[in-house]
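Q: Here's a structure for you.
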Amino acid sequence: MKGIVAKISRGLALGAAMVLSVGLATTSCTNERLAGDVEEGRQQLTFAPTVSETWREVAQKSGEGAGATRATADSGLGSVVSSSTLELGSVAGDSLYLHVTTTEGIESSVGATSDSLELRAAPVTDVQTHGGFGVTAYYYDAGASATGTPNLMNNVFYDTVSSGEWKATSSTPRWMPGKLHDFYAWAPYNHPGYTVSSPTGGAAPTLSVTIPTSVADQKDLLVAKAKGVTEPTSGTGVQPLTFNHALTAVRFVAKEVNAGIEITSITLEGVLNQGTYAFGTGLWTIDTSKPRVNFTQTLPTPVTSTGTPQ
């Protein structure tokens, strides 16, 4: 009996040792996070976004000449007079023209004076104004390119900031060691007029945009991308991200109107207000199949023309 008891006791001891070994192995595995079948890095993937002070260079669609601009494309605003001028109509016998000008910065588009008024919400200079930004991202091997659906994150909201470093409250992804990364970002996030696609085949996402008729809802659309990025060696995991303004600010100035005419509002009639922005190319495609709409802005203070050019 003693021999039998001894054998049974030894068997129990070995069984306990085996359970302990399995437990140790399980604990070791849980310290190595996996994304698919690739070991995930220890660094959280955070962003340090900045907003460019200059307007993004407008890429031309195929078929548009070198002098083409957004204003001269088929938008329904008026008749093309030159590559930078549209004839809108007339008031009291005076022809009205839209003159297209560009500036290096956005300062001239912020605020309104007694004789001018923007037709869109003021440009923002910090993504915090929009409460954060969305991100879609791929990772892939060096020498290859992104494939399939976004395998790192898809439409993740980065909404928490501390000392300029943004994280995602829901679940901040981590860098993939030894991999290349493509990032696509936008703000505002979850705006009813701006819808981001869920791409396939390794493609960049697109933004379907419908400009709201209310000026207050016409938020400054910011876009950013960074391709072929590797995990930072600084040990912080912070990735710089530069946002550009994707929409054009429009401002009206009353010039050379007959004396005594009071301007109380401005209306653009028959305008195409829907299109798609491609992150990969930076091109806009205007949807000409949709109904045209009118945009009206009532001036907070009516402007009375003196007849003197301003």
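Q: Can you list the HN-Hα couplings for region 159-170, worked out from phi with the Karplus curve (6.51, -1.76, 1.60; θ = phi - 60°), rounded to whole Hz and with x for Gly and Pro?
A: Once θ is set to phi - 60°, the couplings for region 159-170 become 10, 10, 10, 8, 6, x, 9, 9, 10, 9, 4, 4 Hz.
Q: A further question on this structure: Where does each of Val127, Val156 land when they are ordered by accessible area, with a 1.4 Å probe and the largest first?
A: So the residues, ranked largest to smallest area, are Val156, Val127.
Q: Can I ask one more? Would you mind getting me the FRET efficiency between Thr236 and Ser52? Use the beta-carbon distance for r and R0 = 25 Å, nearest 0.05.
A: The calculated FRET efficiency here is 0.65.
Q: If you don't mind, another one. Return the FRET efficiency for the residue pair Ala226, Thr306: r is the Cβ-Cβ distance, R0 is 30 Å, and the value is rounded to the nearest 0.05.
A: 0.05
Q: Right, something else. How much accessible area per residue does region 118-251 have, in Å², with a 1.4 Å probe?
A: With the other protein chains kept in place, region 118-251 gives 42 Å² per residue.
Q: Using 0.36 nm per residue, how much length does the chain from Ser214 to Ser162 gain when fully extended, once their Cα-Cα distance is taken away?
A: 15.4 nm
Q: While we're on this one: When a/c is below 1.5 the answer is rounded, else prolate if a/b is larger than b/c, else oblate, so apply that to region 164-310 with a ≥ b ≥ c taken from the square roots of the Cα gyration tensor eigenvalues. Walk me through the numbers before you get to the answer.
A: On the way: a/c = 3.18, a/b = 2.28, b/c = 1.40.
Because a/c hits 1.5 or more and a/b exceeds b/c, region 164-310 counts as prolate.
Q: What shape does region 172-251 take by its C-alpha gyration tensor, where a ≥ b ≥ c are the square roots of the eigenvalues and a/c under 1.5 counts as rounded, a/b above b/c as prolate, and the rest as oblate?
A: Details: a/c = 2.87, a/b = 2.02, b/c = 1.42.
It comes out prolate by the Cα gyration axes.
Q: Something else: List the pairs from Lys225/Lys290; Lys179/Lys225; Lys227/Lys290 whose alpha-carbon separation is above 24 Å, in the order I gave them.
A: As for pairs spanning more than 24 Å Cα to Cα, those are Lys225/Lys290; Lys227/Lys290.
The values are calculated or read from the model by the stated rules, or taken from the named source; none is laboratory data. These numbers were taken from a predicted model, which means no experiment stands behind them. Here Cβ is always computed from backbone atoms with ideal geometry, including for glycine, and neighbour counts include all displayed protein chains. Surface areas here come from the heavy atoms of the whole protein model, side chains and all, with no ligands, DNA or RNA. Shrake-Rupley method; radii C 1.70, N 1.55, O 1.52, S 1.80 Å.
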